[in-house]
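Reviewing the structure listed below.
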Amino acid sequence: MMNDVLIVSHNEVECKGISDMLAKNGCRPIFAKSCPDAKEKVTGLSPGAVIITDMTYLNGSAQDLISWQRHMGYGFPVVVIVDNLNTHDLLKLIHCGGVVDVVQRAAINKQLVETVNKYSKPKDIALKLNDNTLIPRQSKTFRCIEKSIRDIAATNANAIIIG
């Protein structure tokens with residue numbers, strides 16, 4: 001079964017090259033050019049997917065996407081492509097959580113497939129859930145329900161669930 005790999009970049013030529021490379025290795029590449037587009041596509045990713053992103057792109061950055069993903073309860077591993085290893089930017093990404101690895105742009109052809117394979121998981125594996133986690137669902141409707149549950153759970157309010 002092919003694993004989803006979301007590629008977030010406004011560089012179409014580079015995306016095409018990455019896509020071809022990953023497709024040859026059994027991945028299903030999905031593209032997003034902007035942060036809003038990436039957020040929408042994250043909601044449809046299958047379990048075991050990986051996100052590859054540039055540091056910055058149209059209407060956002062890797063940090064924006066990672067922070068949003070964390071807030072919404074998604075746990076997809078994020079691989080960031082960098083031009084130079086800027087320690088300050090790297091530390092910000094690591095501290096906001098979600099970045100599992102970094103690949104320098106000059107080494108994409110040598111390292112990216114191996115890096116993606118390290119973090120992707122087969123779609124059909126049994127889900128291991130930690131305490132206080134819900135079984136992940138792909139639909140937007142369930143994601144909305146899950147967000148409501150998390151919001152209410154963070155308070156001392158009583159709730160009645162019907163249905």
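The values are calculated or read from the model by the stated rules, or taken from the named source; none is laboratory data. Not measured: the values here are computed from a predicted model. Neighbour counts are summed over all protein chains in view; Cβ atoms, including those assigned to glycine, are modelled from backbone coordinates with ideal geometry. Each accessible area value is taken on the protein alone, full model and side chains, heavy atoms only, with ligands, DNA and RNA left out. Shrake-Rupley method; radii C 1.70, N 1.55, O 1.52, S 1.80 Å.
Worth a mention:
- Across the protein chains, with a 1.4 Å probe defining accessible surface, the residues Phe142, Phe31 rank Phe31, Phe142 from largest area downward.
- Ordering Asp83, Asp4 by accessible surface, largest first, gives Asp83, Asp4; the 1.4 Å probe counts only protein heavy atoms, with every chain in place.
- Over every Cα atom in region 1-88, the radius of gyration and the widest Cα-Cα span, Dmax, amount to 12.4, 38 Å.
- Between Glu12 and Ala154, the simple spin-label model (points 7 angstrom out along Cα→Cβ) gives 3.9 nm.
- Pairs with C-alpha atoms separated by more than 19 Å, drawn from the list Lys24/Lys121; Lys16/Lys121; Lys121/Lys147, are Lys16/Lys121; Lys121/Lys147.
- Solvent-accessible heavy-atom area per residue, rounded to whole Å², over region 6-83 at 1.4 Å: 41 Å²
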